[in-house]
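Visitor: Sharing a structure, written as structure tokens. Questions coming.
The values are calculated or read from the model by the stated rules, or taken from the named source; none is laboratory data. Every value quoted in this text rests on a predicted model; they were computed, and no experiment measured them. Neighbour counts run over all protein chains shown; Cβ positions are idealised from the backbone, glycine included.
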Amino acid sequence: MNLNSHAVFALSVGMIFTHHIQLAVLMGIGAIIPDVDREYVFTKRRIFQKYQLHRALLHNVFFAAAVFTVNPYLGVGVTSHILLDTLTSPTDRGVELFFPLSRVVENMYLNLDGHKIGSKGVLWYLEDPVRLVAETADPGLKEVGKNAWRRVYGPFKNSRLADWEVFYSSLLFLLIYASTTYGLVNWIKSFLYYTFNVYLLFVLGIILFYGAGETWRRRLQTQGKAEPLILGMMVLGVLLVVYQGIQVYSPLKLDTTLLGEIAVSVLAGLLVAYIHVRLRVGDVIL
Ligand SMILES: [Zn+2]
């Protein structure tokens, strides 16, 4: 979905659950972060296309968990971004929720016509709809060859009805909610204060990074010009975000015993499930 939809949606969810403008602004900022994984000046489009990092590198449960450990409100924002993107179509490549683990399994059991094509090792059930992706995906997002189905797709297309509905409904909700609780002018004053004063470095960093990165990706990439300048602006943007990230560092108090119990259960459960499927079915299919 579009960045504005992500930001306003997370801001609304933040107001509903925290009733606190500062925390809601943090959630809105968190919701803007994942789309940093585009083919910016750091990589060539060809390499980016080969490794398919957009909607993978920063759109997965492990990145969301990592941000939660820095600040839970930023983490909720990242999570809301990832969930909304799972509703979008193969055009934008849905979301690769379990990247990088999803890259470990490469082969699939069935092709899209339902014919069995593999039975060695652990297999994904289906191949990715490569023809559909090749036909509809953005230039940098087309797959190079046939791949296992490791992404989550939904029915909605970016920048179309569902996307704009999320944006306008969230915006309207904020206007109504702010008017009936804080008074619209007071709410906007506080919102501007937190966005452009308290979290100014986050906002400046994000604007610098996306502004420079998108200008390069859409206009300058083919001409190969201005790379040092763009790179400098993007690095400065990242530094500002990291600097403010350190300032808002406020990790959840994690119960290490409980985390250990969860980790043991997940790993042992995986082993038992593997043996179960191997004995019952033969082919081990995800
Ligand atoms: Zn995204």
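Visitor: Which one is nearest to the ligand (Cβ to nearest atom) among residues in the stretch 26-62 that are under 20 Å from G211 (Cβ atoms), part of a helix (DSSP H, G or I) and of a type in the set (D, E, K, R)?
Guide: So, considering only residues that are under 20 Å from G211 (Cβ atoms), part of a helix (DSSP H, G or I) and of a type in the set (D, E, K, R), the one nearest to the ligand (Cβ to nearest atom) is D35.
Visitor: Here is a follow-up. Checking S250 against (1) in a helix (DSSP H, G or I); (2) at pLDDT below 95, only one condition comes out false. Which one?
Guide: Every condition holds for S250 apart from (1).
Visitor: Of the numbered conditions (1) under 16 Å from I206 (Cα atoms); (2) more than 13 Å from the ligand (Cβ to nearest atom); (3) assigned to a helix (DSSP H, G or I), A66 fails exactly one; give the number of that condition.
Guide: Failed condition: (1).
Visitor: Sticking with this structure for a sec: Being crowded, with 19+ Cβ neighbours inside 10 Å, hydrophobic (A, V, I, L, M, F, W, C) and modelled with pLDDT under 90 narrows it down to one of V41, V8, V36, so name that one. Break it down stepwise before answering.
Guide: Numbers: V8 fails: modelled with pLDDT under 90; V36 fails: crowded, with 19+ Cβ neighbours inside 10 Å.
Of V41, V8, V36, the one residue that is crowded, with 19+ Cβ neighbours inside 10 Å, hydrophobic (A, V, I, L, M, F, W, C) and modelled with pLDDT under 90 is V41.
Visitor: Something else now. With respect to the numbered conditions (1) more than 16 Å from the ligand (Cβ to nearest atom); (2) closer than 21 Å to K50 by Cβ; (3) within 17 Å of the chain's Cα centre (by Cα), which one is the sole condition not fulfilled by N107?
Guide: Here N107 meets the rest and fails (3).
So that you can scan it fast, the table gives a plain yes or no per residue for (1) among the hydroxyl-bearing types (S, T, Y); (2) buried (at least 22 other Cβ atoms within 10 Å of the Cβ); (3) over 30 Å from L254 (Cβ atoms):
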{"residue": "M27", "(1), (2), (3)": "no, yes, no"}
{"residue": "R45", "(1), (2), (3)": "no, no, yes"}
{"residue": "K50", "(1), (2), (3)": "no, no, yes"}
{"residue": "A64", "(1), (2), (3)": "no, yes, no"}
{"residue": "D85", "(1), (2), (3)": "no, yes, no"}
{"residue": "L101", "(1), (2), (3)": "no, no, no"}
{"residue": "V104", "(1), (2), (3)": "no, no, no"}
{"residue": "D113", "(1), (2), (3)": "no, no, yes"}
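Visitor: Let me ask another. Please determine, by comparing only the residues of the stretch 137-177 that are modelled with pLDDT of 95 or more, farther than 12 Å from S5 by Cβ and in contact with a helix residue (DSSP H, G or I) (Cβ under 8 Å, 6 or more places away or on another chain), which one is surrounded by the fewest Cβ atoms within 10 Å (Cβ to Cβ).
Guide: The selected residue is L175.
Visitor: Now, a different point. Check S80 against each of (1) buried (at least 21 other Cβ atoms within 10 Å of the Cβ); (2) hydroxyl-bearing (S, T, Y); (3) over 11 Å from the mean Cα position of the chain (by Cα) and name the one condition it does not meet.
Guide: (3)
Visitor: Would you mention how many residues in the stretch 117-140 are more than 16 Å from the ligand (Cβ to nearest atom) and either touching a strand residue (DSSP E or B) at 6+ places or on another chain (Cβ under 6 Å) or touching a residue at least 60 places away in the same chain (Cβ under 8 Å) (or both)? Show your work before the answer.
Guide: Taking the stretch 117-140 and keeping what is more than 16 Å from the ligand (Cβ to nearest atom), we get 117-136, 139.
Next, from what is left, pick out any that are either touching a strand residue (DSSP E or B) at 6+ places or on another chain (Cβ under 6 Å) or touching a residue at least 60 places away in the same chain (Cβ under 8 Å) (or both): 118-119, 121-127, 139.
Within the stretch 117-140, residues that are more than 16 Å from the ligand (Cβ to nearest atom) and either touching a strand residue (DSSP E or B) at 6+ places or on another chain (Cβ under 6 Å) or touching a residue at least 60 places away in the same chain (Cβ under 8 Å) (or both) number 10.
Conditions tested, residue by residue: (1) closer than 30 Å to L175 by Cα; (2) without any contact (Cβ under 8 Å) to a residue 12 or more places away in the chain.
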position: F191; (1), (2): yes, no
position: F209; (1), (2): yes, no
position: R218; (1), (2): no, yes
position: I230; (1), (2): no, no
position: L239; (1), (2): no, no
position: T256; (1), (2): no, yes
position: I262; (1), (2): no, yes
position: A268; (1), (2): no, yes
position: L279; (1), (2): no, yes
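Visitor: Related question: Among L84, L74, L11, L23, which is the only one that is within 12 Å of the ligand (Cβ to nearest atom) and of a type outside the set (D, E, K, R)? Spell out the reasoning first.
Guide: Values: L74 fails: within 12 Å of the ligand (Cβ to nearest atom); L11 fails: within 12 Å of the ligand (Cβ to nearest atom); L23 fails: within 12 Å of the ligand (Cβ to nearest atom).
Just a single option satisfies the conditions, and that option is L84.
Visitor: Please count how many residues of the stretch 234-253 are farther than 18 Å from N197 by Cα and surrounded by fewer than 10 Cβ atoms within 10 Å (Cβ to Cβ).
Guide: 1
Visitor: Moving on. What about T91, is it assigned by TED's automatic domain parsing to the domain that holds M234, within 14 Å of the ligand (Cβ to nearest atom) and either surrounded by fewer than 22 Cβ atoms within 10 Å (Cβ to Cβ) or aromatic (F, W, Y) (or both)?
Guide: Working: assigned by TED's automatic domain parsing to the domain that holds M234: yes; within 14 Å of the ligand (Cβ to nearest atom): yes; either surrounded by fewer than 22 Cβ atoms within 10 Å (Cβ to Cβ) or aromatic (F, W, Y) (or both): yes.
Against the criterion (assigned by TED's automatic domain parsing to the domain that holds M234, within 14 Å of the ligand (Cβ to nearest atom) and either surrounded by fewer than 22 Cβ atoms within 10 Å (Cβ to Cβ) or aromatic (F, W, Y) (or both)), T91 qualifies.
Visitor: Can you work out which of the residues in the stretch 126-136 that are part of a helix (DSSP H, G or I) and surrounded by 14 or more Cβ atoms within 10 Å (Cβ to Cβ) is modelled with the lowest pLDDT?
Guide: Within the stretch 126-136, the subset part of a helix (DSSP H, G or I) is 130-136.
If we keep only those that are surrounded by 14 or more Cβ atoms within 10 Å (Cβ to Cβ) as well, we get 130, 132-133, 136.
On the way: V130: 81, L132: 85, V133: 86, T136: 87.
The extreme case among them is V130.
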